[in-house]
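Notes follow once the structure below has been shown.
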Amino acid sequence: MNRDSETAKLILEIMVTIIISAIIWYLAKIAITAASAGLPIDIGALIDALIMLVGGYIVVSLLSRAVYRVVLRTSGEIAASSVRSAIRILGIGVLLAGAAGILTNPQAGLAIGGFIGVVAGLATQQVLSQAVAGLVILATRPFRIGDTIVIGSWDPIKVIEITLLFTIGVNENGKIVYVPNSTVLTTRIVREGL
């Protein structure tokens, strides 16, 4: 299966999940409204929150899988796993904030959303700083693939790849070395052989 058909399949899965969730929500809303007229609690809000959580989780899982596959092709396993985890954390946070807003009041949803935003920001701070550093390195090009460089006081490495999160090189012993781009950007770099 080629990349385009995989991407089309994932987009179709996401759209079908959203449509099925909307249909279930609509049918449940009609049935629950009629059945819960005399009940003291709002069953409709509970059903809304439950459908949003289940459908939303499926959409977040499919979306994180799609982004994982894209990042895997361009930046490798480590970066892809980090981005997938960040999307899942943010998606689940949004879902929990939405459920709190449905079940209690909108202010509770905003408060929980703000808290989860802070937690997600702190959890993804390292990944985001590495990604920004990777963009700076790719834009300024202080070294190129094939250059031998010394980062800080480490042993020299020959650069074999520059990804969004890591500069990858081979040391004198033939071992592959992954250096986080945030470290590369904030440390002295000496290019050898000029």
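The values are calculated or read from the model by the stated rules, or taken from the named source; none is laboratory data. Here the structure is a predicted model, which means the values were calculated and not measured. Every residue, glycine as well, gets a Cβ built from its backbone with ideal geometry; the counts of neighbours run over all protein chains shown. To get the accessible areas, we keep the full protein, side chains included, count just its heavy atoms, and leave off ligands, DNA and RNA. Shrake-Rupley method; radii C 1.70, N 1.55, O 1.52, S 1.80 Å.
Residues in segment 52-78 that are over 19 Å from LEU12 (Cβ atoms) and small (Gly, Ala, Ser) were compared, and the one that is surrounded by the fewest Cβ atoms within 10 Å (Cβ to Cβ) is GLY76.
For segment 23-44, residues that are modelled with pLDDT of 75 or more and either within 19 Å of ALA97 (Cα to Cα) or touching a Pro at 6+ places or on another chain (Cβ under 6 Å) (or both) total 0. Residues in segment 178-191 that are surrounded by fewer than 12 Cβ atoms within 10 Å (Cβ to Cβ) and in contact with a strand residue (DSSP E or B) (Cβ under 8 Å, 6 or more places away or on another chain): ARG188 alone. Among residues of segment 10-29 that are open to solvent by 90 Å² or more (accessible area, probe 1.4 Å), those with a Cβ under 9 angstrom from a residue that is of a type in the set (D, E, K, R), sequence gap 6+ or separate chain, pair up as TRP25/ASP48.
ILE160 passes every criterion in (1) assigned to a loop (DSSP other than H, G, I, E, B); (2) open to solvent by 60 Å² or more (accessible area, probe 1.4 Å) apart from (1).
Note on segment 88-146: residues that are open to solvent by 60 Å² or more (accessible area, probe 1.4 Å) and either closer than 30 Å to ASN171 by Cα or hydroxyl-bearing (Ser, Thr, Tyr) (or both) amount to 12. Taking the conditions exactly as written (at pLDDT 90 or above, among the hydrophobic types (A, V, I, L, M, F, W, C), open to solvent by 80 Å² or more (accessible area, probe 1.4 Å) and out of contact with any His (no Cβ under 7 Å at 6 or more places or on another chain)), does ILE168 satisfy them or not? In short, no.
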